[in-house]
Each structure stands twice: as C-alpha cells, then as structure tokens.
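Below is one structure; the comments refer to it alone.
Rule-based calculations on the coordinates, nothing more; no lab input. Everything quoted here is computed from the prediction, not taken from an experiment. Neighbour counts are summed over all protein chains in view; Cβ atoms, including those assigned to glycine, are modelled from backbone coordinates with ideal geometry.
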C-alpha cells in the first residue's frame, strides 16, 4: 500500500507539470489553431535561465522572475517572428515551423548555456514528509500547489476579467471576435505570452526535483501533449485532468511494469485517445465546413 | 428512369437541425436544381448525398442501390462525382494533370508498374492525357492545359473542376454552385456547358443561387427554405408557387419576389 | 538548351554528371566517404519527398525506419547467418511491414496528430534499440559485418578503396531511388498521391482511396529510409541507436524541406548542404540544433517551396 501511495504521489507531482505543459498547448491551440511543439522548451528555459541567473549572482526569487519574464518574451518573439509571418501557411508548414522553433530554442540553450544537467535548491528544503508509509518531498507540494494556483488564476482570468473573456471569445470563434472589435492578433500574442510564462513556471518548480538540461523539452512536450488531447484539447480543466492522468499512468507504469519504457506511456496514451476517443475526455466534436 | 433517389434525408449537428427530411428523385440525363436562400440547407444536403457527411436520417439510393453514408471514393466508383463551391483544385499540379487525376478510377492502381516506369504506366498516362485534353476542349480550357492550375482565373477554375469531375465518367454529376462568383458572361458559358453535359446523358444535380441559370436549364427544381423542401416541380410552376415567392420575398436573397416570376418568363 | 529533355531526365542526368565529375575535385579519398554519406542521406530524403512532397503528409520519426534497416544489417549476419545484402532486403521488408501496420491507423489522423504519432513512433523505436542492450548493444552500439564486396573484387584483380567503393554503390542506389521517385511522380499513382497534398476531400470524390494511398506513400518512403540506414551501417561497419534518433529524423526532414519537399533533385541538394556543412564547420555539431531549427523556420516562412523549385521557377520566369 505504501508502495502504491509512493507511486501516486510521484504521479500527481509529475502530472502537475504535464498539466501545466498541456495548459500551454491548449491556450495557444484554442487561440490560433496552432499546435506549438516548442511548448516543452518553455519549461526547459524556465529551469535553465533560473539556474544560470542564480549562478551569476541573482537571488533565487529574482532569478525565477527573470526566467519567467525572459521566457515570456521568447514566447511572444516566437509568435511574432515565426508564426505570424507564416499566416495562411498549410498545417504541415506550421508544424514544421514550430518543430523548427523547438529545435532552435534547444540549440540556443545548448550554445548560450551548456549541455550539462543542472539543479537549484528547492524552495523549502529537501526533508521528506512522511505520509501514510510513503514520503513526499516539500517541493512536490510546491509543484502541485503551484499548478493548482495557476489553474485557479486562469479560471478567474477567463471568468472575471474582460481580457480573459476576450481570449475565450477569440478561442471560440475568431471571426466573430474580430467582428465585435476584439484585437485577435493581440489575443494570440497574449496566449503565447501566457503559455510561455506558465511553461516557465512549471520548469522552475520542477527543476529542484527532476533537474534540467538543454534537451528536456522534447519529452515534456510529448507528455504535455498527451495530457492535452486526453483532456480534449479544449478547456483548461481538461488540460489539468489530462495532465494529471498522464502523470499517474506513467508513475504506475514505471512502478509496476517497467521503468525503462515509462516515457513510452505518453505516446501510447496519445494513440489510444486518438483512436478510441478522439475528443478526449471533455472535448466536443468540431464542425468541419466543407 | 431514376438515377438518384433521396428519401427523408436529414442532418442534425448536435442540437441544430441543418436539414429536416428531404425527398426527391433525379432522372437519368436530366438537370435538377436545388435552390433556396442562404442557410436553407442546400450545401448540407449536397454533402450528404455525396458522402462527405453521414446523414442523421434518411436514405440515398443511387441507381437502385442504397449508398447512404458511403465514402466519397466508393460513390465515385459507382458513378457519382461532384464539384465544390469553395474550389478544391489541385494547386501543385497543372491544369492537364488535374483532369488526368480524375481518371484515377479508369487507370486503376498499379503501383509497381508506376514505380518502375513499365510500359503499362506509359500507356495509362497516354490514355489519360488524351482523355484529359478532350475534356479540357469540352470545357474550353484547352489552351491553358500546361499551365499551373493556380494560374487560372476564377471562372477557369470552376470549369477545371467540372472537367476533373467528368473525367471519372460519372452517370450523376453534382455541381455545387457552379456559377457562384461568376459574372454574366461566365455564367452564360457555364450554363451552356452544363446543358451540353446533360445532353451526353449525364444526370446533373445542381445547387445554385442564381435564379436565371436555374430556371433556364433545369428540367426540374427543388426549392429549400429553412431546412425543408418547400416546393418542387418544373421551373415555371415553382416560380409561380406562392410559398416560393414568399420565401424569397422575406429572405433578402439577390432576387426579389417579382423578379423570380419575371425572370422565369424572360 | 535542354529543351528536349523532360524534367525527370534532366534531374537524373544532373545527378549522374555531378556524381561522375565530383571525384575529380576530391583532394583526398576521405571525400569519397562524405560523398557516400551525401548520397545515403539523399536517398532517405528522396523517400520523404514521396511522403511529404507528393502526398503532403508529415513524419517526425522517419529515422526509426533507418534504425530498422541499420540494425537488420547488424543483427542479421550475427543471429540469422544471413549475407549482408539479404539483410538489406530483410530490413526493407520489416520497415515496410512496420510502416503498413503503424501507418494504417495513424495516417487517418489529422496533420498535428499524425505529426505527434510519428514523433512518438520514432522515439519508441529508438527506445527499444537503446534499452534492449542484450540484443543491440544498447547505447554503445554494435559492429556490422562488411559487405565483402571489396574482397570479391580483389579476387577479380580489381583493387579499390572501401571509401571509393561505397561512393559508387551509394551513388548507384541513389540514382535508382531517384529514378523510381521520378517515375512515380508522373504516373497515375503519383497523381493520386499528389491529389492528397492539396485536398483529400476532392481526391476522394474522384475515386481515390485516400487512406490506402497515404499508407502506400508511407510504406514506400519507409523502404527508402530503411535502405539508407542499411547502407550507412555497412559502410561505417558500426551502428548506434542514434541512427534512429529524433535528431536524425529532423535532419532528414530538414534536408527534404530545404531542398524542396516536392523535388527529387531538391532532396539531394538539401542532403548535400546539410551533410557537407558539418564537414566544413567543424564546430557545427555544437550548433547543429540551432542551425537545423533556424533553417526549418526560415525555409517555411520565406522559401516555402524550397531551394530547387524556387530557383527553377525564377529561371523559367527569366526565360519567358
């Protein structure tokens, strides 16, 4: 039982990070129809920039803030320089662009930083907390708490603020949103900025636990994407549930079946969802106009 | 002799009914038009008949066989082909190759022969090319045969789609707003082309807005409004049907009520 | 000037001429190796032309098939006692089967999902090769038995360096691959594939079985990648899991896209640029990710057709 509990905690912890990546995916997808394959790199940049800023002398909090800000700017730059100029491009072309962007960012990190694995200290220490025969690291609590806080903040943003409602409107029907005067270009910039910030935050929270290096982005993107489509590629709530489920399934697989192939879990989840329930858990069937 | 029978065909999207339950038949070699104001459900009806949408209810019977919900490529093999309102021409190929692509069913799939460049592939190419040239002559695009499809004018693209659809040797041709966006001259050319096609024995089912075109060439008209069929019959009858006049009077379509009657006579 | 030749013949002739003339410019026999590698990459990229350029699909895991072909040549002689040439065929058959089995379900997916599915597929193959060290030697790789051709030729009194031999072998295979791809392009099946590129819906209404055609393109391109993988394994006499890795998949895709996804000549041009670059810039390895990513983005934004089609178009316009 304590073993199961351990896997459960581990699953919820990584699942929270996947949920944040999934959230980033759906924000951009719903605003612009683009699947941003560089989403995982935002997480990587959050961790890497924080480490190097802290290493250069900045206190942790400032380094983290800098990392979020810098990643945000990179996210906006990605939209402005790579996505927006390619308006009207085919889906395949856009896919190649975002894949190119993800590799570019990975290469940038490789060159500007290095190829080493890095870690920085946890927020409140490394002393494990005993719960029901298993143990949780304090950082895990920060990760889960942080993810939940992001989701709550986003909910409030969408439900209570005008800007948030504008983003939702754009996501729902871009043409109609334009017709009522919503600057949809700004909405897309905003969604890229938000996704980047959310990704970076996830990276900052998880680095003390899983460490970071220039190439962690790819597998994170894959797993976050699994969470996103499991959740239905639609609502943030779907992303949260989807991400958590992927994390749990992965932890259980690693624990009970094989830890070597745990990274394959996300891929299998993706395939199963796409073939068995293409709309995920909470998605709606989109109308295709011919 | 009926080539197509549509019985109680309807489509719901979630809670929204796009087409309620429409029934009509198309005679061999005849021209049948489906008209109606925007939003009446014509395109949805078309997409159901041509296998793009799977209907929520009702049946489509082609040449005596129930083909409801069959995929478009199977329908093509049974003699039904179509054009698209928002043109789906193959941009990366030439005008000639677009029409040759339509010969897919006659060519069959012989991958190995094609990969190795065997004589069979050359023969099939030759035959398709000849037939494609003939069809381009039929639609008046012969001159631009080797140009890239993307270079054609709007009217030219419309005619290219018709040529491509004809390459499948259909017995029933579905034309989705063939005159949409065309000027008076182009529309005249299109309707003359459609009449010529029908003369060769191909049944034509067309969806159209343009009343002049419809009234002039159709043998039979189906009028849709608000997801239902509201009238059916020869053009003159339909034009004078009070329900049709009211539908057009109240809908703000490009022809007014009086215009419907006048143009049908003129 | 070249008016009498069809574009296909022109492409083949260009490749042949370059292939024959290039060795005259080689400062040392090392360059035969580089040339061979260019041809091998060009072969894999030509396969992607069929899938991406003709049929308009995307594959982010194509190196997985290269891995299958490479390890078939590594494992075949050792475990099955097969001669190396037969292993190439075995690898190709396995790749074709895999492509057929995996392709049938995933090619039904829309572009984004297809991209992710192929990405996952490639990663899965890499993982399997990397983890099952008992069979494959794991991350350290394993050695590959020689083709034995050099010895055979020596028996006939012909002395030739291995690198030279591989230059001509891979060049010949590339020419064959280009010939096949060009045949396909102008054939009935090729037109059916190219219809998919622009409108699957329209293609189905003219009788094309879209699903079947997509799988066909996937299988054919998988065979190309597999043979390329086999060739490089036998040439290097060594193979590591990286041959199936994500970076390799991206390299191949970038070569195809850079040269011009719909152009067979472009595939080799792209392969030349991206294979020669690391030779010229020895620091390239550190900058590889950066460059590949940048090239992919820039080409898709500014030069969407790729190098060869764009240049060809400019030439044609100047001529008229």
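For the range C:1-68, just list the percent of Cα-Cα distances falling in each 5 Å bin from zero outward, please.
All Cα pairs considered, the percentages come to 4, 13, 16, 19, 15, 17, 12, 4, 1.
How much mean residue ellipticity at 222 nm does the protein assembly as shown get from its helices, if each DSSP H run of length 4 or more adds -39500 (n - 2.57) and you divide by all residues, to the nearest 500 deg cm²/dmol?
Rounded to the nearest 500, it is -20500 deg cm²/dmol.
So what is log10(I(q)/I(0)) for the range A:232-284 at q = 0.18, 0.23, 0.24 1/Å, when the Debye sum runs over its Cα atoms only?
Those come out to -0.59, -0.85, -0.90, one per q.
Please list, short to long, the whole-number percent of alpha-carbon pairs of chain A in consecutive 5 angstrom bins beginning at zero.
1, 6, 12, 17, 19, 18, 13, 8, 4, 2, 1, 0
Evaluate the distance, in nm, between pseudo-label points positioned 7 Å from the Cα of residue C:134 and of residue A:58 along their respective Cα→Cβ axes.
In this crude label model, residue C:134 to residue A:58 measures out at 4.9 nm.
For the range A:55-175, report the % of Cα-Cα distances exceeding 22 Å.
Tail of the P(r) past 22 Å holds 61 percent of the pairs.
Just how many % of Cα pairs in the range A:88-134 lie over 15 Å apart, if you round to the nearest whole percent?
Here the long-distance tail beyond 15 Å is 69 percent of all Cα pairs in the range A:88-134.
Compute the Rg to Rh ratio over the range C:139-200 from the alpha carbon atoms, using the Kirkwood formula for Rh, and round to two decimal places.
With Rh from the inverse mean 1/r over Cα pairs, Rg/Rh is 1.27.
For the range B:1-47, what D do you get in µm² per second when you plug the Kirkwood radius from alpha-carbon pairs into Stokes-Einstein at 10 °C and 1.306 mPa s?
Estimated via Stokes-Einstein, D reaches 136 µm²/s.
Relative contact order for the range A:2-276: what percent, with Cα pairs under 8 Å and sequence separation of 6 or more?
The normalised contact order for the range A:2-276 reaches 39 percent.
When C:167, A:261 are ordered from fewest to most other Cβ atoms inside 10 Å of their Cβ, what list results?
A:261, C:167
Where the centroid of each part is defined by its Cα atoms, how far is the range B:213-252 from the range C:81-119 in Å?
Between the Cα centres of the range B:213-252 and the range C:81-119 lies a distance of 55 Å.
Distance from the Cα centre of the range B:96-115 to that of the range A:32-91, in angstrom?
48
Taking Cα pairs under 8 Å and at least six residues apart, what relative contact order does chain C come out at, in percent?
The normalised contact order for chain C reaches 34 percent.
What translational diffusion coefficient, to the nearest whole µm²/s, does the range C:129-240 have by Stokes-Einstein, given a Kirkwood radius computed over alpha-carbon pairs, a temperature of 20 °C and 1.002 mPa s viscosity?
After rounding, the answer is 124 µm²/s.
For the range B:85-181, take every pair of Cα atoms, bin their distances at 5 Å starting from 0, and report each bin as a whole percent.
2, 14, 24, 23, 18, 10, 5, 2, 1
Using only the Cα atoms of the range A:109-199, what do you get for the radius of gyration and for Dmax, in Å?
That works out to 19.5, 58 Å for Rg and Dmax.
Can you tell me what percent of all Cα-Cα pairs in the range C:1-157 are more than 24 Å apart?
Above the 24 Å cut-off, the range C:1-157 has 52 percent of its Cα pairs.
What are the extents of the Cα atoms of the range C:206-320 along their three principal axes, listed from largest to smallest and rounded to whole Å?
49, 39, 23
Could you tell me what fraction of 2.2 N^0.38 Å the Cα radius of gyration of the range A:183-234 comes to, as a two-decimal ratio?
That works out to 1.34 for the range A:183-234.
Could you tell me the distance between the Cα centroids of the range B:30-56 and the range A:187-220, to the nearest Å?
Cα centroid to Cα centroid, the span is 48 Å.
Can you pull the Rg over Rh of the range C:30-248, Cα-only, Kirkwood?
Here Rg/Rh amounts to 1.01.
Using only C-alpha atoms and all pairs of different ones, pull out the Kirkwood radius for the protein assembly as shown in Å with one decimal.
The answer is 29.8 Å.
How big is the range C:225-269 along each principal axis, measuring the range of its Cα positions in Å and listing the largest first?
Taking max minus min along each principal axis of the Cα atoms, the range C:225-269 gives 31, 19, 14 Å.
In the protein assembly as shown, what percentage of the DSSP-assigned beta bridges are antiparallel, given to the nearest 5?
Taking every DSSP beta bridge within the protein assembly as shown, about 60 percent pair in antiparallel fashion.
Rank the residues B:42, B:74 as a footprinting-exposure proxy: fewest other Cβ atoms within 10 Å of their Cβ go first.
Going from least to most buried by this count: B:74, B:42.
From the mean inverse distance of alpha carbon pairs (Kirkwood) and the Cα radius of gyration, derive Rg over Rh for chain B.
Result for chain B is an Rg/Rh of 0.99.
With the calculation restricted to Cα positions, what are the radius of gyration and Dmax of the range A:1-133 in angstrom?
Gyration radius and largest Cα-Cα distance of the range A:1-133: 17.8, 56 Å.
Would you mind calculating the relative contact order of the range B:90-151 from Cα pairs under 8 angstrom and at least 6 residues apart, reporting the percent as a whole number?
Rounded, it is 60 percent for the range B:90-151.
For chain B, what proportion of DSSP beta bridges, expressed in % and rounded to the nearest 5, is antiparallel?
55
Take the alpha carbon atoms of the range A:159-200, find their radius of gyration, then divide it by 2.2 N^0.38 Å using N residues; give the quotient.
Compared with the compact-globule rule of thumb, the range A:159-200 sits at 1.15.
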